[in-house]
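K.L.:
To start, I am sharing the structure in question, which I have written as structure tokens.
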Amino acid sequence: MPKNTSKKKPSEKNDELSAEEVITLSAFESVKLTFEVGNTTTRTAVQDRERIHLVELQERGMTLEVPGRTCSQGHNLMIKIEAATPDKKTVSFNATARVDDLEPLPDTGDERITISLLQFDETGWKDFCKIFSSRQEAIQHFLTAARGY
Amino acid sequence: MIKPDPRAQQKVFEAYIADKKILIADSSGTARASIANVLVTMGVKMSQITLVNSYVNAEAELDRLVPSVVIADYDLGRRCGLDLLQRIRALKPTLKNSLFILVTGNTSQSAVAKAAEEDVDNYIIKPFTAGILKAQLLKAVIMKMDPPEYLKVIERGKLELGKGQTELAIKSFEYSKTLDSAPSLGCFYLGQTHDITKAMENAAGNYSKGLEYNKIHYKCLVGLFENLMNRKLHVEAYDVIKKLSQYFPANPQRMTSVLRLAIMTRSYEDVERYYRIFTSIDERNEEMIKYVCAALVVCGKYYLQQNFGSRAIELFQKAAITASGRTRVLREIILALLEFDMAKEADEFLRKFPAESHKGVDYLAMNLAIMDHSSPRSLTIEKGRELLAQNFHDPVIYRVLIKRSAQAGLGHAVEDLMKQALLKFPDQKIQFDKALAAANPPQSSAPRKA
């Protein structure tokens, strides 16, 4: 992320940009999340992974949108999330979790579930959450710099 | 100014939000519910909140409710949530206490930059934590309700500028610069004031100063770019537009400016590099495609002039592929090749015209132009006349006919053709005169019969 201040004048030679720096493909890429979710209580796996969305993170849990009939309240899930960043880094996070809350979403047939993590690697969880907290910080920094306040 | 005390800030938030209508637009029911829950924990009543799952529904509710707070996903089906901001600005021009916040899974730099260009109040990514969402909402409200002195003075200056009180505005903007450690916005408005009073160099100086404080200040970058373009300083403008495109990549309009300036500053190798990147971008609109094709053709012409024929053909091939059957592009390529007597190569590009365009004027005119290089004069004249009789009027057809008829000594025919051509295409007079001149080079012999 570009810093807020610059002591260089824009016209100085070492500020000149090559065409590849002007437009980079990674600028158009988002963090890509791929999911594997299995219901260990019913011994079923979610097939339609494209319909899984991660919306909110809690201290030791998350809120997800999943296809309907994935689970019920109280069920245990096995979750694997892989996050691929635009700079080609990949962070994987695996955990078992319990479904604390479930709300059907009638307009799509999906379900909103809140899960708490049971067995997971703390460092892996921190690394996973850091992807988003770092990106949020960088975005705030960029917005402030771009707007000037 | 409100102290950074959470309770004081919460009070300000509650006072602000008390009577406000809030629209949450997100195709994910989970996201809508999660955001609404956070707002409720911050003291908002559910009755104040309207939830919509699509862009179309969001538009309808915007018109109906005219909400003061809009929280939208960047990606709303095929539409961009940012477009709602334009709509709300049109509905609520005063906008003073309105908030527009994006909450989205789109974490790309291009989306963030586009949001920054549009001056959104905040950009929050999913997955969010309740804590971050609350903090960012609070921050946005505090900024609205109690902006720092720096921004208040700038607002005052803007009002003064709007009333034509230029001297007062300059004083305000100069004063604002003492109120912030990196007063790029103050510098920008000073630059704007000087642009308005036509003190162009002073304006550029102010924008540059703003960029010294903050090299990605969007308004200063745009201000400087426009200032340099108005002064026709294209090399410097190209430098600035490259920086703009680097930090704010998503704007197709800007990409076309980059290309145009690359051509104007003869940075032909850059054009080829941009082309490689453009082929990988999904967000390509008609205008961008048009400019990419035009830039490749201009580059190709440059290489023809430099005697790098095969290089030129490569670029023309790329233009033809990008054009995907757009006949105007193929036409330009053919004419460029014919200018350098490359009729065989021109014919290859004629074959790239889609079958359904073979009865169109572009194809027929180019066919005639190529024929003109390889066929006997009489055949060319006959074909040209046939096309005009079938009501196909094109400057190229007239140019070919004028030249060949003049060479054949058909004085009356040439006169009639010139009249007709100038009636149909008065802006092409120079080309028609050139065609006539080409038929009568200084050392030419006596006219022959057709």
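The values are calculated or read from the model by the stated rules, or taken from the named source; none is laboratory data. Here the structure is a predicted model, which means the values were calculated and not measured. Cβ coordinates were reconstructed from backbone atoms using ideal geometry, including for glycine residues, and neighbour counts include every protein chain displayed. Just the protein is used for accessible areas: all its heavy atoms, side chains included, with ligands, DNA and RNA removed. Shrake-Rupley method; radii C 1.70, N 1.55, O 1.52, S 1.80 Å.
K.L.:
Out of segment B:234-243, which residues are open to solvent by 20 Å² or more (accessible area, probe 1.4 Å) and either on the phi > 0 side of the Ramachandran plot or away from chain A (no Cβ under 11 Å) (or both)? Spell out how you get there, then give the answer.
P.N.:
Here is the first cut: in segment B:234-243, the residues open to solvent by 20 Å² or more (accessible area, probe 1.4 Å) are B:234-236, B:239, B:243.
Within segment B:234-243, B:H234 is the sole residue that qualifies.
K.L.:
Here's another thing I want to ask about it. Select from segment A:60-94 the residues that are at pLDDT 95 or above, part of a loop (DSSP other than H, G, I, E, B) and open to solvent by 70 Å² or more (accessible area, probe 1.4 Å) and write down the one among them that is farthest from the other protein chains (Cβ to nearest Cβ).
P.N.:
It comes out as A:Q73.
K.L.:
Still on this structure, I have one more. Taking segment B:1-59 as the region of interest, how many residues are farther than 27 Å from A:V66 by Cβ and open to solvent by 10 Å² or more (accessible area, probe 1.4 Å)?
P.N.:
Selection size over segment B:1-59: 23.
K.L.:
Let me ask something else about it. If you take the residues of segment A:122-149 that are more than 17 Å from the chain's Cα centre (by Cα) and in contact (Cβ under 8 Å) with a residue 12 or more places away in the chain, which of them is farthest from B:I124 (Cα to Cα)?
P.N.:
Going through the qualifying residues, I end up with A:A145.
K.L.:
Counting only residues that are assigned to a loop (DSSP other than H, G, I, E, B) and surrounded by 14 or more Cβ atoms within 10 Å (Cβ to Cβ), which one in segment A:43-59 is nearest to the other protein chains (Cβ to nearest Cβ)?
P.N.:
If we take residues in segment A:43-59 being assigned to a loop (DSSP other than H, G, I, E, B) and surrounded by 14 or more Cβ atoms within 10 Å (Cβ to Cβ), then A:I52 is nearest to the other protein chains (Cβ to nearest Cβ).
K.L.:
Could you list, in sequence order, the residues of segment B:352-366 that are more than 32 Å from the chain's Cα centre (by Cα) and surrounded by 19 or more Cβ atoms within 10 Å (Cβ to Cβ)?
P.N.:
B:L364
K.L.:
List every residue pair whose Cβ atoms lie under 9 Å apart, where the two residues are 6 or more positions apart in sequence or sit on different chains, the first residue falls within segment B:426-438 and is closer than 12 Å to B:L401 by Cα, and the second residue, located anywhere, is among the aromatic types (F, W, Y) and surrounded by 13 or more Cβ atoms within 10 Å (Cβ to Cβ).
P.N.:
Cβ pairs passing all conditions: B:F432/B:Y398; B:F432/B:F425; B:A435/B:Y398.
K.L.:
Of the conditions (1) open to solvent by less than 40 Å² (accessible area, probe 1.4 Å); (2) in contact (Cβ under 8 Å) with a residue 24 or more places away in the chain, B:F392 satisfies every one except a single condition; which number is it?
P.N.:
In the conditions (1) open to solvent by less than 40 Å² (accessible area, probe 1.4 Å); (2) in contact (Cβ under 8 Å) with a residue 24 or more places away in the chain, B:F392 misses (1) alone.
K.L.:
Out of B:L161, B:L151, report the one residue that is more than 14 Å from every other protein chain (Cβ to nearest Cβ), more than 30 Å from A:L54 (Cβ to Cβ), in contact with a Phe, Trp or Tyr (Cβ under 9 Å, 6 or more places away or on another chain) and surrounded by fewer than 23 Cβ atoms within 10 Å (Cβ to Cβ). So that I can check it myself, show each step before the final result.
P.N.:
Numbers: B:L151 fails: more than 14 Å from every other protein chain (Cβ to nearest Cβ).
From the options B:L161, B:L151, the qualifying one is B:L161.
K.L.:
Just the residues that are open to solvent by 30 Å² or more (accessible area, probe 1.4 Å) and either facing chain A (nearest Cβ under 7 Å) or more than 33 Å from the chain's Cα centre (by Cα) (or both), please, taken from segment B:118-129.
P.N.:
B:D119, B:T129
K.L.:
Okay, next question. What tally of residues in segment B:166-187 results from selecting those that are surrounded by fewer than 24 Cβ atoms within 10 Å (Cβ to Cβ), of a type outside the set (K, R) and within 14 Å of chain A (Cβ to nearest Cβ)?
P.N.:
4
K.L.:
While we're looking at this one, here's another question. If I go through segment B:269-287 residue by residue, how many of them are within 11 Å of another protein chain (Cβ to nearest Cβ) and part of a helix (DSSP H, G or I)?
P.N.:
Here the count works out to 10.
K.L.:
Given the criteria surrounded by fewer than 19 Cβ atoms within 10 Å (Cβ to Cβ) and within 11 Å of chain A (Cβ to nearest Cβ), does B:S208 qualify?
P.N.:
In short, no.
K.L.:
Condition (residue is over 28 Å from B:Y268 (Cβ atoms) and basic (K, R)) applied to segment B:337-350: is it met by at least one residue?
P.N.:
no
K.L.:
Residue under question is B:A295, and the condition is that it be within 14 Å of chain A (Cβ to nearest Cβ), crowded, with 20+ Cβ neighbours inside 10 Å and within 30 Å of B:H358 (Cα to Cα); does it hold?
P.N.:
Yes; evaluated as a whole, the condition is true for this residue.
K.L.:
Residue under question is A:I115, and the condition is that it be within 11 Å of chain B (Cβ to nearest Cβ), open to solvent by less than 10 Å² (accessible area, probe 1.4 Å), farther than 30 Å from B:L221 by Cα and modelled with pLDDT of 95 or more; does it hold?
P.N.:
no
K.L.:
I'm told B:K215 meets every condition in (1) surrounded by 18 or more Cβ atoms within 10 Å (Cβ to Cβ); (2) more than 10 Å from every other protein chain (Cβ to nearest Cβ) except one. Can you identify the failing condition by its number?
P.N.:
It fails just one condition, (2).
K.L.:
So, of the residues in segment B:244-268 that are free of Cβ contacts under 8 Å to residues at least 40 places away in the same chain and over 15 Å from the mean Cα position of the chain (by Cα), which turns out to be nearest to the other protein chains (Cβ to nearest Cβ)?
P.N.:
Looking at the filtered set, the residue picked out is B:S267.
K.L.:
May I ask you to list the residues in segment B:99-111 that are facing another protein chain (nearest Cβ under 7 Å), under 16 Å from B:R254 (Cα atoms) and open to solvent by less than 10 Å² (accessible area, probe 1.4 Å)?
P.N.:
Of everything in segment B:99-111, just one residue is facing another protein chain (nearest Cβ under 7 Å), under 16 Å from B:R254 (Cα atoms) and open to solvent by less than 10 Å² (accessible area, probe 1.4 Å), namely B:S110.
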